[in-house]
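K.L.:
Just passing along the structure, written as structure tokens.
Values quoted throughout were computed directly from the atomic coordinates according to the rules given, and no laboratory measurement underlies them. For clarity, every value in this text was computed on a predicted model and none was experimentally measured. Here the Cβ positions follow ideal geometry from the backbone for every residue, glycine too, while neighbour counts run over all protein chains shown.
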Amino acid sequence: MINDLIEISKQAGKLIKEGFGKNLQVNYKTNEINLVTQIDKASEKLIIDFIKNKFPSHSILAEEGGGVKNDSEYLWVVDPLDGTTNFTHGLPIFAVSIGVQKNNETIAGVVFDVMRDVIYSAELGSGAFANSSKLNVTDTGKLNHSLLVTGFPYNIAENPDHAFERFIALTKKSRGVRRLGSAAIDFCYLASGVFDGFWEVNLQPWDICAGKLIVEEAGGLVTDFECKQIDIYSKKILCTNNKIHNQIIDVMNELSY
Ligand code: IPD
Ligand code: CA
Ligand code: CA
């Protein structure tokens, strides 16, 4: 199955790359910062047609609504273009993210970093890879030596769940906090040892599914902000190299709103 994920991610990535920098039809979703383009939709259609053709009995959950609910133990979770705001503005940081669950457990995930031409992949129990190189999280043990990354949801103007306070506190306690605009890539850079920690609120299942498995298979820890296990539907996610996890949670717990 992993080869199917890689193949369709590459096909979708090619379509996205061809659309990059070209005339885009940009529409708003929930508000004026939540964008969708014809390329998001075309990428989703390509991926869904592939799955329906090869795995007609499987269910699909896809961001732009083209999914299908079947009576199957398999669920494909698809973000056809993660980083649409970057894509729309010409910033070359965006990805295709596809995970597969069997009985609610993620068994395979692929993130294609389109402009860097890197396939991040993982199968449950078999490690995580960037193309063919095995991935490992860092062994940084101190928060003040750590580089972190976060993202903000499209309702950030409402400061959901005190997102700004958490950002300020962790900026003060770490070596830096980056904001790349693609959660799928945030997960993969953590798995690769670029970042030591990543947190965000209000991510969606298609943002989380493949990336969470890739981080875990690279030796990282993924929980909520209370160190509890999460699934792909969780609204709070904290991923680290395992070593700085509690230090981040301590900073979060010290916040008084
Ligand atoms: C978004 C990106 C971004 C994150 C947002 C997501 P989209 O996904 O992953 O990094 O901060 O919460 O919604 O809309 O570009 O697929
Ligand atoms: Ca996304
Ligand atoms: Ca998307």
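K.L.:
GNM on the chain, C-alpha springs below 10 Å: top fluctuator among Phe94, Phe112, Phe20?
P.N.:
Phe20
K.L.:
Amide H neighbours of Arg178 under 5 Å, counting only residues 5+ apart in sequence or on other chains, H built in-plane at 1.01 Å?
P.N.:
Under 5 Å from the amide H of Arg178 lie the amide H atoms of Leu148, Val149, Thr150, each far enough along the sequence or on another chain.
K.L.:
Fully extended, how many nm does the chain gain between Asn104 and Arg175 (0.36 nm per residue separation, minus their Cα-Cα distance)?
P.N.:
Going from the current span to full extension adds 21.9 nm.
K.L.:
Is any helix in the chain, taking whole DSSP H runs, at least 27 angstrom long along its axis by alpha carbon and on average at least -1.0 on the Kyte-Doolittle scale, and which ones?
P.N.:
Going by DSSP H runs, there are no hits.
K.L.:
Right, another one. Who wins for biggest fluctuation among Phe195, Phe225, Phe50 in a Gaussian network model of the chain, springs between alpha carbons below 10 Å?
P.N.:
Looking only at Phe195, Phe225, Phe50, the biggest GNM fluctuation is shown by Phe50.
K.L.:
Let me ask something else. Roughly how many nanometres apart are two label points built 7 Å out from the Cα toward the Cβ at Met115 and Lys235?
P.N.:
About 3.3 nm separates the two model spin labels.
K.L.:
At q = 0.09, 0.10, 0.13, 0.20 Å⁻¹, what is the log10 ratio I(q)/I(0) for the range 2-134, with the Debye formula run over Cα points and no solvent?
P.N.:
After summing over all Cα pairs, the log10 values are -0.25, -0.31, -0.53, -1.15.
K.L.:
Starting from 0.36 nm per residue, how many nanometres of slack lie between Gln38 and Lys54 once their C-alpha separation is accounted for?
P.N.:
3.3 nm
K.L.:
Tell me, how many Å apart are the Cα centres for the range 170-228 and for the range 66-138?
P.N.:
Cα centres, the range 170-228 to the range 66-138: 13 Å.
K.L.:
Now for a different question. Between Lys10 and Ser132, with labels modelled 7 Å along Cα→Cβ, what's the label distance in nm to one decimal, could you check?
P.N.:
Modelled inter-label distance: 1.3 nm.
K.L.:
Restricting attention to the range 204-257, which GluC sites (Glu not before Pro) occupy a DSSP loop and are surrounded by at most 16 other Cβ atoms within 10 Å?
P.N.:
Details: sites: Glu216, Glu217, Glu226, Glu254; in loops: Glu226.
Filter output for the range 204-257: Glu226.
K.L.:
Still on this structure, I have one more. Kirkwood hydrodynamic radius, the chain, all distinct C-alpha pairs: what's the number in Å? Before the final figure, lay out the partial values.
P.N.:
Values: mean 1/r = 0.0548 Å⁻¹.
Computed over the chain, the radius equals 18.2 Å.
K.L.:
Only bridges with both residues in the range 143-254 count here: give the DSSP antiparallel percent, nearest 5.
P.N.:
That works out to approximately 55 percent antiparallel.
K.L.:
Equivalent-ellipsoid semi-axes (√(5λ), Cα gyration tensor) for the range 1-69, whole Å, largest first?
P.N.:
On the way: eigenvalues 112, 52, 13 Å².
Working through the eigenvalues yields semi-axes of 24, 16, 8 Å.
K.L.:
Label Gln25 and Tyr154 with points 7 Å out from Cα along Cα→Cβ: what is the distance between them in nm?
P.N.:
Each label point is offset 7 Å from its Cα along the Cβ direction, giving 1.7 nm.
K.L.:
Continuing with the same structure: Return the tail of the calculated pair distribution for the range 143-254, meaning the percent of Cα-Cα pairs more than 25 Å apart.
P.N.:
Tail of the P(r) past 25 Å holds 8 percent of the pairs.
K.L.:
Something else about it: Antiparallel DSSP bridges in the chain: what percent, to the nearest 5?
P.N.:
So the antiparallel bridges amount to about 80 percent of the total.
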